[in-house]
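Everything on this sheet refers to the single structure shown next.
The values are calculated or read from the model by the stated rules, or taken from the named source; none is laboratory data. Keep in mind that this is a model prediction, so the values were computed, not measured. Please note: Cβ atoms are built from the backbone with ideal geometry, for glycine as well, and neighbour counts cover all protein chains shown. Please note that ligands, DNA and RNA were not included when accessible areas were found on the heavy atoms of the full protein model with its side chains. Shrake-Rupley method; radii C 1.70, N 1.55, O 1.52, S 1.80 Å.
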Amino acid sequence: MGERPRVVVSAGASADGKVALARDALLMRPPSSELWAALTPKASEAVDVIDVLRAQYGCNAFLEGSGSLVAEDETSAELPAYDGDVDGLYEHFLPPDIVGQESPPHMWFTVVDSRGRVRWTEKHENWDALVLVSRATPADYLAYLRRERICYLVTGDDHVDLPAAITAMGTELGITCVLSTAGGGLNGALLRADLIDELYVTVLPALIGGLGTPSVADGPPLAIGAPATRLELLSVHADTGGTVRLHYAVPRG
């Protein structure tokens, strides 16, 4: 397996580490989007992490989980049944005219979606979607992505193999840095796979609480006796609005 891109996690969190208002409250949709935005004091100084990472690492890919776009209890629109040869669907789909675009300005919006839940309804200049799927992803969904000319990478059998998928983003697309703005589930999976290189946390002056409310990193708990992932503090900044920005590295070796 080749050298993988750097993975940087950026999360806005309450003082008790919550990254959402409730388990099924999608921050990309109102009213949660407005309520979350209201937690940031007007006096706080905004920092665009992607601009920092573009300058430092040439970062050109965002990473999200499908749960940031589709609620767990939401039913996605039904897709037409695919009646062709499915074998070819389970190969990477990377049309040269899309992959070959110059970056910058071209950017990738990457979503982990092994179950085929996201329906893509928006297109933006200089942005293309990239879906990370597995060999268990429904063939109907892969056929849909091909019809819509949405790129995808296939790794893993029953779920996306994150280390292989992140590495493929580098070897197949030339991506050198991935910024995860995902929720706690995907960030927790990145943590357990030892894929996080840096962490930015913007701590907002608010408390949310709630058993089961997503945190910066969720997922399976540590095994008894297993050590926590140690962090090296690179910088800390507190502004007059009460927001604290923390930047950590994950030491290697």
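Structural remarks
- Of all residues in segment 217-240, those satisfying the criterion of being polar (S, T, N, Q) and loosely packed, with under 10 Cβ neighbours inside 10 Å are Ser235, Thr240.
- Pairing each residue of segment 225-251 that is at positive phi with any residue that is modelled with pLDDT of 95 or more and open to solvent by 60 Å² or more (accessible area, probe 1.4 Å), provided the two are 6+ apart or on different chains, yields C-beta distances under 8 Å for Gly242/Pro205.
- Looking only at segment 86-122, residues that are in a loop (DSSP other than H, G, I, E, B) and within 22 Å of Leu186 (Cα to Cα) come to 9 in all.
- Segment 6-38, residues that are farther than 20 Å from Ala217 by Cα and assigned to a loop (DSSP other than H, G, I, E, B): Arg29, Pro30, Pro31, Ala38
- Residues in segment 72-92 that are surrounded by 10 or more Cβ atoms within 10 Å (Cβ to Cβ) and touching a residue at least 60 places away in the same chain (Cβ under 8 Å): Leu79, Tyr82, Tyr90, Glu91, His92.
- Close Cβ contacts (under 9 Å, 6 or more residues apart or on different chains) running from residues in segment 21-33 that are more than 15 Å from Ala11 (Cα to Cα) and open to solvent by less than 40 Å² (accessible area, probe 1.4 Å) to residues that are assigned to a helix (DSSP H, G or I) and among the hydrophobic types (A, V, I, L, M, F, W, C) comprise Ala25/Leu35; Ala25/Trp36.
- Restricting segment 40-71 to residues that are part of a loop (DSSP other than H, G, I, E, B) and crowded, with 17+ Cβ neighbours inside 10 Å, the residue that is nearest to the chain's Cα centre (by Cα): Leu69
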